[in-house]
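So the structure is just underneath, and the comments pick up after that.
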Amino acid sequence: MSVTATSTLRETDKAHHLHPFTNNADMHESGNAHIITSAEGVYVYDDKGNKLLDGLAGLWCVNMGYGRKEIIEAITKQLEQLCYYPSFFNSTTEPTIKLAEKLHQLGLPRLTHTIFSNSGSGANETAIKTIRNYWNLKGKPGRTKLMSRTYSYHGVTLGATCLTGLTSCTKPFGLPTEGFIHAPGPYHYVSDTTLSPEAFGQKCLEETEKLILAEGPETIAAMFVEPVQGAGGVIVPPEGYLKKLRELIRKYDILYVSDEVITGFGRTGAMYASDAWDLDPDIQCLAKGITSGYIPLGATRISDEIADTLFKGGYYAHGHTYSGHPVPCAAALANLELMEKENIISYVSENVGPYFQEKLLSFKDHPAVGSTRCCNLMGAMELLDHGKKVTDPYFGLGPKAAGLIRNEGVIVRGLANLIAISPPLTITHAEIDTLFAAVKAGLDKLI
Ligand SMILES: Cc1ncc(COP(=O)(O)O)c(C=O)c1O
């Protein structure tokens, strides 16, 4: 691409394109619109000729790496055979059926049925409506309130935004609406506490139970929980916390929804974190890694009991034009087959995951780092401002550090005062070395 062409492209971008989750004015003023032109493996290439190691797998999604022929060929083949047909009105397609079966075979056997959508937000929004439908059919229409946690991220549609426990995502839109309750998320580092992480987790559980009792358990429909809170800062739950949260939710007959949009499909070293951690959810939401990001797809898996209730309820009046679209379903099937062929789960849990984790955690001694945490290929470093801990999320050390690291040839995500790292699962030891060498070079400049 010529220089003239790309500068024109930037002008056109400024004139006509509003970027999501971006300060558009700042980006255009600094000339920092970053145009990616191609990608292979764990690397992306930009219009200025830079080769960058993608330490974020796109947006925690390109799990099997870029340019995988098997997925591309499956998409092409499906497009040629049947480019689209809906799953409305008694119809569907073969890849849709096969993918629903495959998701069931991969774990959490109590979740027998899948409702497809187009994104993680769509998967959560589908869960919200399905939950309301379920409680109505059970003769308990008073169970309408939805719980989630502070620092959680569940997406951008109206309901998913209301679930999200980050004011940066809710406040500009005057959300959440009534009926959404946020229990404390176990984010130990930013909390003003002298408790250990485990004791702090216990305190969060106690606060959660108090909230349930104050609201009235019979008014609460469901609780949405990310096994590891991703966009809120890669908050790895303290030992024992999630299992106890699950039991607490069960005690009050509230539905437990596991939002595995990031953690599904290998990132934490298991196919489904909820299965490996024995969380037995009633509903599981999936997206991102289901197709390794090659093409959009969301999935909401529901228990046999919920499915049975919906079946008995008659007409299920929900679904997108593209729910169960054959092309993303074919992409997902090819992606999952590739994962199995390459034993990617054991590659993450026994090989690159521990190596990545050891390297990331060793940064706790770096002078710009206040704390580190990691769960296989999902990690974060809290940053210090000239040796001082910062808890104001708008101070912006994370984006600053991410900029410095990008100058060293690696993409990480800057969030509040931390950097999050989650590379493709196919990353090698040598590429992990390259990644952390750039992180170190960038952070050395932050001191
Ligand atoms: C845990 C979680 N849930 C839901 C979503 C929303 O997914 P999408 O951006 O595909 O709508 C995300 C996106 O990052 C996520 O991390």
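The values are calculated or read from the model by the stated rules, or taken from the named source; none is laboratory data. Owing to the predicted nature of the structure, the values given are computational and were not obtained by experimental measurement. Neighbour counts run over all protein chains shown; Cβ positions are idealised from the backbone, glycine included. To get the accessible areas, we keep the full protein, side chains included, count just its heavy atoms, and leave off ligands, DNA and RNA. Shrake-Rupley method; radii C 1.70, N 1.55, O 1.52, S 1.80 Å.
For this structure, a couple of remarks:
- Phi angles of the range 128-140 translate, via the Karplus equation with coefficients 6.51, -1.76, 1.60 and θ = phi - 60°, into HN-Hα couplings of 4, 5, 5, 5, 5, 4, 4, 5, 4, 5, 7, x, 10 Hz per residue; Gly and Pro are given as x.
- Build a GNM of the chain with springs between Cα atoms under 10 Å apart, and of Ile427, Ile97, Ile302 the one that fluctuates most is Ile97.
- Solvent-accessible area, 1.4 Å probe, carbon plus sulfur percent, for the chain: 56 percent
- Dividing the radius of gyration of the alpha carbons in the range 142-221 by their Kirkwood radius gives 1.00 for Rg/Rh.
- For the set Lys51/Lys445; Lys102/Lys140; Lys102/Lys243; Lys102/Lys341, the pairs lying more than 23 angstrom apart at their alpha carbons are Lys102/Lys140; Lys102/Lys243.
- DSSP-loop chymotrypsin sites (Phe, Trp or Tyr not before Pro) across the range 339-447, with at most 10 other Cβ within 10 angstrom: Tyr394
- For the chain, share of DSSP beta bridges that run antiparallel, in % to the nearest 5: 65 percent
- Given 16 as the ceiling on other Cβ atoms within 10 Å, longest exposed-site-free region of the chain for GluC sites (Glu not before Pro) in DSSP loops: 1-177
- Couplings 3J(HN,Hα) of the range 108-118, computed from phi: 6, x, 5, 8, 8, 10, 10, 10, 8, 9, 10 Hz, in residue order, whole Hz [Karplus 6.51 cos²θ - 1.76 cosθ + 1.60, θ = phi - 60°; x for Gly and Pro].
- Net charge of Cβ neighbours under 14 Å - reference Val327; Lys, Arg +1; Asp, Glu -1: -1
- Arg132 contributes about 120 Å² of solvent-accessible surface, heavy atoms of the protein only, 1.4 Å probe.
- Partner aspartates and glutamates whose Cα lies under 15 Å from the Cα of Lys288, excluding those fewer than 8 positions away in the same chain, are identified as Glu226, Asp259, Glu260.
- Straight-line cross-link reach from Lys440 at under 19 Å between alpha-carbon atoms covers these aspartates and glutamates, not counting any fewer than eight positions away in the same chain: Asp54, Glu358, Asp365, Glu382, Asp385, Glu408, Glu431.
- Most mobile of Ser371, Ser121, Ser196 in a GNM of the chain (Cα contacts under 10 Å): Ser196
- Exposure check, 1.4 Å probe, all protein chains in place: Lys14 carries approximately 130 Å² of accessible surface.
- Aspartates and glutamates with Cα under 13 Å of Lys312, excluding same-chain neighbours fewer than 8 positions away: Asp304
- Amide hydrogen neighbours beyond the local backbone of Gln229, cut-off 5 Å, H modeled: Ile235
- Hydrodynamic radius of the range 70-341 per Kirkwood, over alpha carbon pairs, in Å: 19.0 Å
- Loop-resident chymotrypsin sites (Phe, Trp or Tyr not before Pro) (DSSP state other than H, G, I, E or B) in the range 64-108 with no more than 11 further Cβ atoms inside 10 Å of their Cβ: Phe89.
- Taking the chain and dividing mean pair separation by its residue count, relative contact order in percent (alpha carbons under 8 Å, at least six apart): 21 percent
- Choice from Thr434, Thr22, Thr391 with maximal GNM fluctuation in the chain (Cα, 10 Å cutoff): Thr22
- Kirkwood hydrodynamic radius of the range 237-374, from the reciprocal of the average inverse Cα-Cα distance over all distinct pairs: 17.6 Å.
- Residue by residue, the range 378-389 carries 3J(HN,Hα) couplings of 9, x, 8, 10, 7, 9, 10, 9, 6, x, 9, 5 Hz when phi is fed to the Karplus relation 6.51 cos²θ - 1.76 cosθ + 1.60 (θ = phi - 60°); x denotes Gly or Pro.
- Placed amide H near Asp259: partners under 5 Å, 5+ positions off or other chain: Val225, Glu226, Cys285
- Computed from point charges on the beta carbon alone (+1 for Lys and Arg, -1 for Asp and Glu), the dipole magnitude for the chain about its Cα centre is near 520 Debye.
- For the range 173-328, the alpha-carbon coordinates run over 52, 36, 36 Å along the three principal axes, in decreasing order.
- Using a probe of 1.4 angstrom and keeping all protein chains present, the accessible surface of the range 70-341 works out to 41 square angstrom per residue.
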